[in-house]
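Asks: Got a structure for you, written out below as structure tokens; questions coming shortly.
Values in this text are rule-based calculations from the coordinates and carry no lab data. Because the structure is a prediction, the values reported are computed rather than measured. So basically every Cβ, Gly included, is an ideal-geometry build from the backbone, and we count neighbours across all protein chains shown.
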């Protein structure tokens, strides 16, 4: 039984005949921040979606605090509320205000009471500089603001781990910074995080570890200084040459 | 005014003039030519008798209230049953498979049979079982027939609305730990219902008209009352009165539904 906060053991996943993950092994310690880099289609997103079992895995296992959460037949509700995930396309609920988006799951799933919950949600908005926008609807917010609301919505469930699936990829360049600042803040607070990202500068600045994925496997991993300055594997070198120029 | 604006104003004026002239020509042709037909004096006397119109209008309007009443109590029943059938058809759990089959058969049957036929079969068939009063009332069984037919249509509209909500919404809800049931109730259904309001408005306009079909099984509502007057006065004008009364209600309702549809389309583009 693995001892890390989160562990993956030879995880395989196929969609039809497309073998997307070909044996992923990974350990994430509490408070660690790991960046997954690699070209589109290398399996980064699928890997994240397999961790919270949004996609059932075909082979291998996923462990959270020593519990096999990929066990067939396991009730996934309690597992998913411990793992927050934020998507590239925000996926806010458009018929609810930002505040309603945030309080829905704590109210229905954690059975939290109205006033205390509202106060807690407002504190979260305040913490990420969105207090003046929390009564607005998603279509009244910029992409960057929507994405920050999506982060707050995930945090409101008090997750133990946060997964971020290329959350700045759909944003206009001038809005990327405000979302990355939220991640910096979470990093400083010691949140355990796993990010799929194309923001190489950000990964270099903040990650404890960088994993380069290609063809459904982790080709190379290490501290960002080593991966970005002195990659050992030819495929990593080729990828970094194209993205860093 | 610059040259472009001047050109566009001239164009607009020209198309308005053409539209006005062609409308006037068509109207003039109808007004001048129809009275030249050999049967016109008889038709005018039996369909457009002003005296009969004035004499029957108040009673027919009162009879129309029965249509409105039947409509009013049918709508909540139709919406409730329609929602239940839509949810039954979307049920995924294997244990609920019979419910899914039932929903599919229900929709096929009641959309496949003409409303009039359903009204005849249920309106005459069920009271034929010899039920005691008031359970043999044509109001009850006529309503049942309308509810069965229209809930099948509404169920299909709702189901299309539910299926139009992108899977990412469901994923986001599931990832927050929401149950399937809460996901449907708080995330999917509110969006789906909003999306199909215009389509359902059109259904309700159609229902308001189809209420008149209950006249075949007994209730003295507007169509039957008009028929009674027709026999009594040997004149078809009461039917024209009934048509006018229906139009007074259905035209604004249809326009409102179209307005909702347009607003919806504009909002999405």
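Asks: Return, ordered by residue number, the residues of region A:87-129 whose backbone nitrogen is under 15 Å from a label point located 7 Å along Cα→Cβ of residue A:170.
Replies: A:87-95
Asks: Averaged across the residues of B:177-183, what count of C-beta atoms belonging to other chains lies within 10 Å of each residue's C-beta?
Replies: The mean count of partner-chain Cβ atoms within 10 Å per residue comes to 5.
Asks: Need one word for region B:56-135: rounded, prolate or oblate. Basis is the Cα gyration tensor (sqrt eigenvalues a ≥ b ≥ c); a/c below 1.5 gives rounded, then a/b vs b/c decides.
Replies: Here region B:56-135 falls in the prolate category.
Asks: Given points 7 Å out from each Cα along the Cα-Cβ axis, report the residue B:263 to residue B:32 separation in nanometres with one decimal.
Replies: 4.4
Asks: Let me ask something else. Sort chain B into rounded, prolate or oblate with this rule: let a ≥ b ≥ c be the square roots of the eigenvalues of the Cα gyration tensor; rounded if a/c is under 1.5, and if a/c is not under 1.5, prolate when a/b is larger than b/c, oblate otherwise.
Replies: In terms of gyration-tensor shape, oblate.
Asks: Still on this model: Suppose only helical runs count, i.e. DSSP H with n ≥ 4. What mean residue ellipticity at 222 nm does that imply for chain B under -39500 (n - 2.57) per run, divided by all residues and rounded to the nearest 500 deg cm²/dmol?
Replies: -27000 deg cm²/dmol
Asks: Give the order of B:129, A:36 when sorted by the count of other beta carbons within 10 angstrom, beginning with the fewest.
Replies: Lowest count first: B:129, A:36.
Asks: I want to check the label-to-label distance for residue B:168 and residue B:194. Put each point 7 Å from Cα in the C-beta direction and report it in nm to one decimal.
Replies: 1.7
Asks: Could you tell me the ratio Rg/Rh of region B:1-71? Both radii from Cα atoms, Rh via Kirkwood.
Replies: Rounded to two decimals, Rg over Rh is 1.33.
Asks: Still on this structure: What percent of all Cα-Cα pairs in the protein assembly as shown falls in each 10 Å bin, counting up from 0?
Replies: Going out from 0 Å in 10 Å bins, the protein assembly as shown shows 3, 13, 18, 17, 14, 12, 10, 7, 3, 1, 0 percent.
Asks: If you don't mind, there's one more thing I want to ask. What distance in nm lies between label points placed 7 Å from Cα along the C-beta direction at residue B:234 and residue B:84?
Replies: Once both label points are built, they end up 5.2 nm from each other.
Asks: When you look at the Cβ of every residue in A:83-96, what mean number of other chain Cβ atoms sits within 10 Å?
Replies: 4
Asks: Test of understanding: ordering A:212, A:164 by Cβ neighbours within 10 Å, fewest first, what list do you get?
Replies: A:212, A:164
Asks: Given springs between every Cα pair under 10 Å in a Gaussian network model of chain B, which of B:92, B:133, B:14 has the largest fluctuation?
Replies: Residue with maximal mean-square fluctuation among B:92, B:133, B:14: B:14.
Asks: Using helices alone, what [θ] at 222 nm do you get for chain A, with -39,500 (n - 2.57) per DSSP H run of 4 or more residues, divided over all residues and rounded to the nearest 500?
Replies: -11000 deg cm²/dmol
Asks: While we're here: Could you tell me the calculated FRET efficiency between residue B:91 and residue A:122, based on Cβ-Cβ distance and R0 = 45 angstrom, to the nearest 0.05?
Replies: Result of the calculation: an efficiency of 0.75.
Asks: Right, another one. Once you order the gyration tensor axes a ≥ b ≥ c over the Cα atoms, which shape class does region A:125-239 get: rounded for a/c under 1.5, otherwise prolate or oblate by comparing a/b with b/c?
Replies: Here region A:125-239 falls in the prolate category.
Asks: Based on the Cβ-Cβ distance of residue B:117 and residue A:18, what FRET efficiency does E = 1/(1 + (r/R0)^6) give at R0 = 56 Å, to the nearest 0.05?
Replies: For residue B:117 and residue A:18, the calculated efficiency is 0.65.
Asks: A further question on this structure: What FRET efficiency would be calculated for the residue pair residue A:75, residue B:206, taking the C-beta separation as r and a Förster radius of 35 Å, to the nearest 0.05?
Replies: E(calc), rounded to 0.05, equals 0.15.
Asks: If you stretched the chain out fully between residue B:135 and residue B:256, how much longer would it get, using 0.36 nm times the residue separation minus the C-alpha to C-alpha distance?
Replies: 39.8 nm
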